[in-house]
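A short worksheet on the structure shown next.
We did not get these values from a lab; they are worked out from the coordinates using the rules stated. Everything quoted here is computed from the prediction, not taken from an experiment. Heads up, the Cβs are rebuilt from the backbone with ideal geometry, glycines too, and the neighbour counts pull from every protein chain shown.
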Amino acid sequence: MSMRRKIRIAPSILSADFADFGREIRAIEDQGADWVHVDVMDGHFVPNLTFGPPAVAAFRKHVRTVMDVHLMIAPVDPWIDAYARAGADILTAHVEAGPHIHRTLQAIRGAGMKAGVALNPGTPAEAVEHLLDLTDLICVMTVNPGFGGQKFIDMSAKVRRLRAMIGDRPVHVEIDGGMDPVTAPLMVAAGADVLVAGSAVFKGGSVDNPGVYGANIRAIRAAAEGAAGA
Ligand code: DX5
Ligand code: ZN
C-alpha cells in the first residue's frame, strides 16, 4: 500500500542550551519545527535526570506548536495530572515503566491529553497490540533511552509490523533516537510519520545562529519526504 503521510519533525530540547530553553524553543519553531519534544528523565527508569513539571510548565509559555512530552520515568500514574497542568499536548509513557500501561493510557486521555506509548528497542511490537484503540501515538525508540547523540538501532521491521497492526486507526508512529538525513528515510519508508531529532537539529547552531537549526530541519525533512512518497 502506498500512502503519503505528512511528516512531522520534532526537535528534542535535550540537545538545547539548558540555560536558555525559552529562546531555544522559539528558535526551533521559527526555523520550521512542527512539534517540540520534551524528554523527562527520572534517574531511575533511565540512567539520566532532566526536568520535571515546573520546568515543563515554564517551557509551555514558549511553545506555539505542539508540546510532545516523553516520560522516561517510573511510576507514571502519580505524575499524569501534573503534566496535564504543565500543558502537555501529548504525554507518552513507556510500556516497560509498569504493569498497568492500559490504565495509564486511559488516565492520560482522561486528563485531557493525547496518549502516547513508547517501546524500548528490546520490546516487541506486540506489546501494544491490545492498546491500539487507547493510543494516539506509538514512539519507537531507536536508541536505548537516556541520552542524546547515541548510535541509531534499526527498528524498521518493528515499524512495519506496527503499521500493519494499526491499520486505518489515526495513530502516529514516532521515531526517537539517532534520526538524521540518512536514518530518517529508512523509518519513514517503514511507516513512521513523526521524527524526533536532538543532536541532528541542534548541531552547529545556537540561538544566535538559528539558521543552522533551520538548515538541519530542512535536511531531515527533505530526506524523509523523499521516502514518504515512495
Ligand atoms: C533519548 C531521548 C531522545 C533524544 C534523541 O533518550 O528520548 O529524544 O533526545 O536524541 P538524538 O536525536 O541525539 O539521538
Ligand atoms: Zn524522547
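At a glance:
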read-out: Some residue of region 132-139 being under 18 Å from Ile13 (Cα atoms) and either within 16 Å of ligand 1 (Cβ to nearest atom) or crowded, with 19+ Cβ neighbours inside 10 Å (or both); value: yes
read-out: Region 137-158, subset more than 16 Å from ligand 2 (Cβ to nearest atom) and under 18 Å from Val95 (Cβ atoms), residue nearest to the chain's Cα centre (by Cα); value: Lys158
read-out: Some residue of region 138-149 being hydroxyl-bearing (Ser, Thr, Tyr), touching a strand residue (DSSP E or B) at 6+ places or on another chain (Cβ under 6 Å) and closer than 21 Å to Asp34 by Cα; value: yes
read-out: Count - residues of region 22-43 that are under 17 Å from His70 (Cα atoms) and away from ligand 1 (no atom under 14 Å from the Cβ); value: 2
read-out: Where Ala223 falls short, out of the listed (1) part of a strand (DSSP E or B); (2) more than 15 Å from ligand 2 (Cβ to nearest atom); value: (1)
read-out: Selection count, region 47-76, where residues are under 23 Å from Pro121 (Cα atoms) and over 16 Å from the mean Cα position of the chain (by Cα); value: 6
read-out: Neighbours by Cβ (under 8 Å, 6+ apart or cross-chain): first from region 14-25, more than 25 Å from Gly178 (Cβ to Cβ); second within 16 Å of ligand 2 (Cβ to nearest atom) and part of a helix (DSSP H, G or I); value: Gly22/Phe59
read-out: Test: residue in region 143-152 that is more than 10 Å from ligand 1 (Cβ to nearest atom) and surrounded by fewer than 17 Cβ atoms within 10 Å (Cβ to Cβ); value: no
read-out: Contacts under 7 angstrom Cβ, first residue in region 167-182 being farther than 20 Å from Glu225 by Cβ, partner within 10 Å of ligand 1 (Cβ to nearest atom) and of a type outside the set (A, V, I, L, M, F, W, C), 6 or more apart; value: Gly177/Thr142; Gly177/Gln150
read-out: Considering residues of region 209-220 that are free of Cβ contacts under 8 Å to residues at least 24 places away in the same chain and part of a helix (DSSP H, G or I) only, the residue surrounded by the fewest Cβ atoms within 10 Å (Cβ to Cβ); value: Ala215
read-out: Test for Thr92: is it under 19 Å from Val128 (Cα atoms) and touching a helix residue (DSSP H, G or I) at 6+ places or on another chain (Cβ under 7 Å); value: no
